[in-house]
Amino acid sequence: MFREKTIQTKEGYFGQYGGQFVPPVLESPLARLAEEFSKAKNNPAFLKELHHLLKQYVGRPSPLYYASRLSDKVGSKIYLKREDLNHTGAHKINNCLGQILLAKHMNAREVVAETGAGQHGVATATAAALFGIPCKIFMGSRDAQRQKLNVQRMKLLGAEVITADRGTASLKDAVDVALGYYIDHPDAFYLLGSAVGPHPYPTIVHYFQQVIGEEARRQVLEQEKRLPDSIFACVGGGSNAIGLFSAFLNDPMVKIFAAEGGGEGADSPRTASTLVAGKPGVFQGTYSYCLVDENDEPREAYSVASGLDYPGVGPEHAHLKESGRVSYHCITDNEAIAAFYELSKLEGIIPAIESSHAVALAMKLLKDKKQLAIINLSGRGDKDVERDMEHE
Ligand SMILES: *Cc1c(COP(=O)(O)O)cnc(C)c1O
């Protein structure tokens, strides 16, 4: 199930992007993590435990669902990869379980993580509870305000939630505070939630999420006897997208599209469309794209979707953009909200507002194209219903 397939040119690099830009105190814990990860993915007992949990605890494989009413409306044949049906309601649990198993193998005393929408915090707190490992979750205070239910969930699961007030009080600030804590406590295990940050995280997260693409590829071949014409996913840091894309990168006939959190548009300062509106730079431990101000300092991101509201993006995506293999698009808040309503009414599936960006992009590009397509439905939208009502 977990075959090795990355496009890395040298360790920790995807083309010219990636690498490890960290304070010297973090070099040895990260080297140890990279080494433990290399051992684990060649360790049959580790893989057996991971596969067992993915099947019995997460509920994998997730269905590849033919969305007939959406298809009729758009004029293409559209399948949804149902990551929203996973335990905890999104793709993030795939990565959390993989990393918590690593933490266990490394005898970590505690697990620390940052969270934006709260989804990664909930998935981390869930995995930590499952293994009885103490857990600290760092969250921007604005995000904590926006996602109260997820804060309650994390507490219920036994995690300590620490809110960060500095900066924009959002994901970027939560990462800064969490990294600060990790620098002071390098014996903790830092459970990173997306395909971002210094080596080896982008490689580790890619590995634990590639199950999405492996299943989807097998499922579409079973159901349609052929590969799709195109596949779609939303990109925050890029983990659900790389999870789906990884299995199709070497199939040139499959076109690959990614939707970024466009906020008020790529030309507006209120955007989170990093690959469309940003430029290359070192940010939070890695060389990738970043949204910057006129002094080339990282600037605030904005998206209606907390999970996409991040000024950086994973280095593998920077490479996939420049190589031209994946086409990155800006989807505005309004386009995503329209798709959120549309999918709910057409299919009885309330998508996460993050995933709605991928749905919106697909609806736009597939209009009357009669194509076979897969959209990664990265998560469910229960968390977004309340805020949506406030817009009414
Ligand atoms: C966190 C999140 C995302 C964005 O994160 P990626 O690492 O880009 O996948 C997308 N969808 C949902 C439902 C999320 O919770």
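Tally the residues that are in contact with a helix residue (DSSP H, G or I) (Cβ under 6 Å, 6 or more places away or on another chain), more than 12 Å from the ligand (Cβ to nearest atom) and under 14 Å from Val205 (Cβ atoms), restricting the search to segment 285-317.
3
I'd like to know if segment 359-372 contains one or more residues that are buried (at least 16 other Cβ atoms within 10 Å of the Cβ), touching a Lys or Arg at 6+ places or on another chain (Cβ under 7 Å), at pLDDT 95 or above and of a type in the set (A, V, I, L, M, F, W, C).
Checking segment 359-372: at least one residue is buried (at least 16 other Cβ atoms within 10 Å of the Cβ), touching a Lys or Arg at 6+ places or on another chain (Cβ under 7 Å), at pLDDT 95 or above and of a type in the set (A, V, I, L, M, F, W, C).
Name every residue in segment 336-357 that is surrounded by fewer than 24 Cβ atoms within 10 Å (Cβ to Cβ) and either of a type in the set (S, T, N, Q) or on the phi > 0 side of the Ramachandran plot (or both), in order of residue number.
Answer for segment 336-357, where residues must be surrounded by fewer than 24 Cβ atoms within 10 Å (Cβ to Cβ) and either of a type in the set (S, T, N, Q) or on the phi > 0 side of the Ramachandran plot (or both): Ser344, Gly348.
Quick check on Leu275: is it under 17 Å from Gly167 (Cβ atoms), modelled with pLDDT of 95 or more and under 21 Å from the mean Cα position of the chain (by Cα)?
In short, no.
Can you name the condition, by its number, that Val196 falls short on among (1) touching a Lys or Arg at 6+ places or on another chain (Cβ under 7 Å); (2) surrounded by 24 or more Cβ atoms within 10 Å (Cβ to Cβ)?
(1)
Determine whether segment 90-112 contains at least one residue that is within 15 Å of the ligand (Cβ to nearest atom), at pLDDT below 95 and either β-branched (Val, Ile, Thr) or in a helix (DSSP H, G or I) (or both).
The answer is no, given that none of the residues of segment 90-112 is within 15 Å of the ligand (Cβ to nearest atom), at pLDDT below 95 and either β-branched (Val, Ile, Thr) or in a helix (DSSP H, G or I) (or both).
Ile331: among the β-branched types (Val, Ile, Thr), under 21 Å from the mean Cα position of the chain (by Cα), within 13 Å of the ligand (Cβ to nearest atom) and under 25 Å from Val254 (Cα atoms), yes or no?
Yes; evaluated as a whole, the condition is true for this residue.
Here are the criteria: (1) more than 22 Å from Leu30 (Cβ to Cβ); (2) away from the ligand (no atom under 14 Å from the Cβ); (3) of a type outside the set (A, V, I, L, M). Tell me which single one Gly213 does not satisfy.
Going through (1) more than 22 Å from Leu30 (Cβ to Cβ); (2) away from the ligand (no atom under 14 Å from the Cβ); (3) of a type outside the set (A, V, I, L, M) one by one, Gly213 breaks only (2).
Of the residues that make up segment 340-359, is at least one more than 15 Å from the ligand (Cβ to nearest atom) and in contact with a Phe, Trp or Tyr (Cβ under 9 Å, 6 or more places away or on another chain)?
There is at least one residue in segment 340-359 that is more than 15 Å from the ligand (Cβ to nearest atom) and in contact with a Phe, Trp or Tyr (Cβ under 9 Å, 6 or more places away or on another chain).
Can you run down the residue pairs with Cβ atoms below 7 Å, 6 or more apart or on separate chains, where the first is in segment 191-206 and part of a helix (DSSP H, G or I) and the partner is among the charged types (D, E, K, R)?
From segment 191-206, the pairs are Pro202/Glu316; His206/Glu316.
For segment 219-244, which residues satisfy the criterion of being within 16 Å of the ligand (Cβ to nearest atom), out of contact with any helix residue (DSSP H, G or I) (no Cβ under 6 Å at 6 or more places or on another chain) and within 16 Å of Ser62 (Cα to Cα)?
Asn240, Ala241
Which is without any contact (Cβ under 8 Å) to a residue 60 or more places away in the chain, touching a Leu at 6+ places or on another chain (Cβ under 8 Å) and not β-branched (Val, Ile, Thr), of Ala125, Ala144, Ala103?
It is Ala125.
Are there any strands (runs of 3 or more DSSP E) wholly within segment 210-298 with 3 or more residues that are buried (at least 20 other Cβ atoms within 10 Å of the Cβ) and either of a type outside the set (Gly, Ala, Ser) or in contact (Cβ under 8 Å) with a residue 40 or more places away in the chain (or both), and if so which?
By residue number, 230-235, 255-263, 286-290.
Just for segment 164-178: of the residues that are in contact with a helix residue (DSSP H, G or I) (Cβ under 8 Å, 6 or more places away or on another chain) and in contact (Cβ under 8 Å) with a residue 12 or more places away in the chain, which one is surrounded by the fewest Cβ atoms within 10 Å (Cβ to Cβ)?
Ranking the qualifying residues of segment 164-178, first place goes to Asp165.
For Val304, are the conditions met, namely being within 18 Å of Gly261 (Cα to Cα) and assigned to a loop (DSSP other than H, G, I, E, B)?
Against the criterion (within 18 Å of Gly261 (Cα to Cα) and assigned to a loop (DSSP other than H, G, I, E, B)), Val304 qualifies.
Take the conditions within 30 Å of His319 (Cα to Cα), of a type in the set (A, V, I, L, M) and either at pLDDT 90 or above or crowded, with 22+ Cβ neighbours inside 10 Å (or both) and apply them to Ala125. Does it pass?
no
The values are calculated or read from the model by the stated rules, or taken from the named source; none is laboratory data. In this text the structure is predicted, and so the values were computed from the model without any measurement. Every residue, glycine as well, gets a Cβ built from its backbone with ideal geometry; the counts of neighbours run over all protein chains shown.
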